[in-house]
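See below for the structure under consideration.
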Amino acid sequence: MNTDGGGLDWGDELVNSLVWTLWVSAASLAGLVVVGALLAAYTKWGRQYWRVTGGFFTDRQIAPMTWLLIVVLLLLAIFGVRLNVLFTYQGLDMYNAIQAGASALGKEAGDPARQTGLDAAQSAFWKSMAVFALLATIHVVRTLVEVWFGAAFSVRMRSWLTEHVTEDWLADRAFYRNRFVPIETTDGDLTAGVDNPDQRIEADITTLVTWTRQFVFSSGGSATGGIIPAIVTMVTFSVMLWGLSGPMHVFGLEISHGLVYLLLMFVFLASLVAFWIGRPLIHLNFLKERLTANFRFALVRVRENAENIALYSGEEVEHRGLIDRFDQVIKNYWNIIHRTLLFSGWNLSVSQTSVVLPFLVQANRFFAGSISFGQLNQTASAFGNLSDALSFFRLMYDDFTAFRASIIRLDGLQDADAKARKLPTIDTADGDDIELRSVDINKPDGTLLIEDLSLRLVTGEALVVKGRSGSGKTTLFRGLSGLWPYAEGEFVRPAGQDTLFLSQVPYLPLADLRSVLTYPAPPTEFSDDELRQVLIDVSLPHLVERLDEDEYWAKVLSPGEQQRVGFARILLSRPKVVFLDEATSAVDEGLEYALYNLIRTRLPETIVVSISHRSTTEQHHTKMLELQGEGRWELTDIAVETA
């Protein structure tokens with residue numbers, strides 16, 4: 001390729017461009033790997049990024065296709081830079097032809113050289129137009145191909161991250177236990193648990209994937225919108241500009257190739273100022289994600305608790321609460337706007353200045369006849385490409401702050417999940433019966449709720465747990481189930497699904513009624529006749545024809561109906577042990593008797609442990625555990641009434 005202002009031999013350029021693209025792509029790929037490894041090893045955000053995404057690039061099952069897409073995107077990005085170079089030479093030919101035509105028109109009408117010059121200029125002009133048509137067609141095709149492969153890369157990365165982060169969040173009950181992990185905010189304060197994990201999994205993954213692609217490869221056909229094409233553009237157009245620029249005189253000193261040095265100094269100083277102005281945007285974008293998620297969550301809570309709010313006539317309170325949260329969103333929004341105005345204003349000023357700078361520097365050389373009109377325009381084009389490439393980090397800093405905030409939030413979620421899995425749990429062992437050995441239950445602040453609890457229940461026995469509010473009844477269940485990290489001792493119970501914990505309000509998934517009844521077991525394990533019969537057994541006969549209906553069942557069913565669904569699950573799963581936490585609080589005493597009697601007669605060998613405030617539940621149990629506060633407890637037998 002000529003770098004001294006001369007044109008190209010377009011007949012050889014296809015082979016030359018392909019060889020150049022392959023060679024530069026290979027070097028860029030090696031550089032990408034080396035620089036990526038250094039960032040992951042020596043920068044905080046690089047380590048965070050690698051912890052979140054590393055498996056996508058190293059997992060043996062998906063890594064080959066991942067790297068194939070990277071190579072293809074790299075080739076397309078580098079080829080885009082090459083096309084930009086070729087466009088400048090096409091422009092050189094076109095403007096030189098126009099200059100030659102204008103020069104020929106300036107000759108006398110009868111001068112034979114006039115027509116000869118015009119013919120040569122027209123031929124050169126239309127040849128440059130043919131070259132432009134070919135380059136433009138290739139550019140359009142390349143851009144469309146890049147968009148498709150870029151989308152394929154983004155979809156694969158987003159799918160992998162969503163599956164991986166969701167699996168990590170749900171593994172070993174981290175999604176519940178991470179609320180006990182202290183998290184340091186961007187202000188250095190500690191808060192309990194990660195905020196808005198749903199937004200981190202959905203919105204932050206989308207942001208991270210989008211900007212991963214755009215920062216590295218660019219998107220939409222831009223040849224300077226990504227790190228790799230920007231660096232290749234810097235090198236390529238610096239060489240071109242070096243050949244086109246002449247000496248510059250500054251304060252009596254002659255600086256050879258001064259235009260190149262002027263551009264480097266101009267962009268370097270402009271970038272330093274831009275980084276200084278834009279740095280607060282990292283924190284502000286982090287706050288934006290958190291505050292908007294909090295506002296959205298508050299809106300969802302109003303929707304989900306609409307009936308209770310309406311019964312309390314709490315609309316005014318909810319409105320004030322929502323507006324207070326929204327005011328925080330708007331306050332942060334204006335902080336972002338004010339900072340963005342400064343940031344964008346500076347960048348726009350720099351960009352406008354860079355448009356005329358090459359003409360100002362090269363004008364004297366053009367009017368002196370040292371360079372042609374085509375070379376003047378090629379200088380401006382090369383200067384513009386080089387300026388855009390050098391300004392990449394300055395122009396993308398605003399987007400990088402959002403990218404950085406997403407990395408921090410996703411890494412924070414995974415870090416909290418990892419710490420949650422390391423929190424202590426009560427020691428458990430498999431057995432046929434229930435046995436508690438020296439169990440202690442504490443509050444997070446260390447206050448003792450239950451001390452040295454030991455008891456044993458064998459097949460067919462039933463225990464009811466009593467005590468005043470706050471004595472630790474539900475917390476005991478959480479500790480035994482492995483949810484509460486402030487529990488010590490040993491817990492022997494049947495393994496796996498043979499031990500069932502049933503909360504006061506059973507969880508109803510977003511699914512058809514068949515799946516709701518069998519949760520967490522797959523519905524295929526039970527026939528429709530079994531499901532219809534169990535609905536009749538728990539006094540829900542009006543639902544037997546709705547097994548295939550997909551509804552928001554947590555809102556369709558009343559609290560009492562939801563509790564009866566919980567008992568239906570007991571009958572279907574037939575556990576060896578079932579823990580019931582106020583499982584009949586929403587039904588009347590007559591229905592409570594029927595449900596407990598159903599369990600005791602259908603599953604006579606099942607060990608039942610209940611929390612209940614009602615005295616009517618005692619008749620279905622053989623033992624009572626009373627929690628008396630401050631760690632004290634008492635275990636007694638319940639006398640069985642005989643007729």
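General observations
- Taking Cα atoms only, the orientation of helix 63-105 departs from the longest principal axis of the chain by about 30 degrees.
- Based on DSSP H segments of at least four residues, each scored -39500 (n - 2.57), the chain has a per-residue ellipticity at 222 nm of -21000 deg cm²/dmol.
- Over all distinct Cα-Cα pairs of the chain, the Kirkwood formula returns a hydrodynamic radius of 30.9 Å.
- Residue-normalised accessible area of the stretch 427-637, given per residue in Å² at a 1.4 Å probe: 45
- Anisotropy class of the stretch 458-544 from Cα gyration tensor, a/c 1.5 cut: prolate
- For LYS288, the lysines whose Cα falls under 17 Å of its own Cα, not counting residues fewer than eight places away in the same chain, are LYS331.
- Dipole magnitude for the chain: computed about the Cα centre from +1 point charges on Lys and Arg Cβ and -1 point charges on Asp and Glu Cβ, it is near 2220 debye.
- Per atom type, the chain shows carbon and sulfur on 59% of its accessible surface, probed at 1.4 Å.
- Computed from Cα positions, the angle between helix 281-304 and the longest principal axis of the chain comes to roughly 40 degrees.
- Take the stretch 12-422 with all the other protein chains still there, run a 1.4 Å probe, and you get 52 Å² of accessible area per residue.
- Note: relative contact order over the stretch 492-643, using C-alpha pairs below 8 Å and six or more positions apart, is 24 percent.
- Across the alpha-carbon atoms of the stretch 554-643, the computed radius of gyration and Dmax are 14.1, 43 angstrom.
- The stretch 306-443 shape via C-alpha gyration tensor axes, a/c threshold 1.5: oblate
The values are calculated or read from the model by the stated rules, or taken from the named source; none is laboratory data. Everything quoted here is computed from the prediction, not taken from an experiment. Because the Cβ atoms are built from the backbone with ideal geometry, glycine has one as well, and the counts that use them run over all protein chains shown. Note: areas computed on protein heavy atoms with side chains; ligands, DNA, RNA excluded. Shrake-Rupley method; radii C 1.70, N 1.55, O 1.52, S 1.80 Å.
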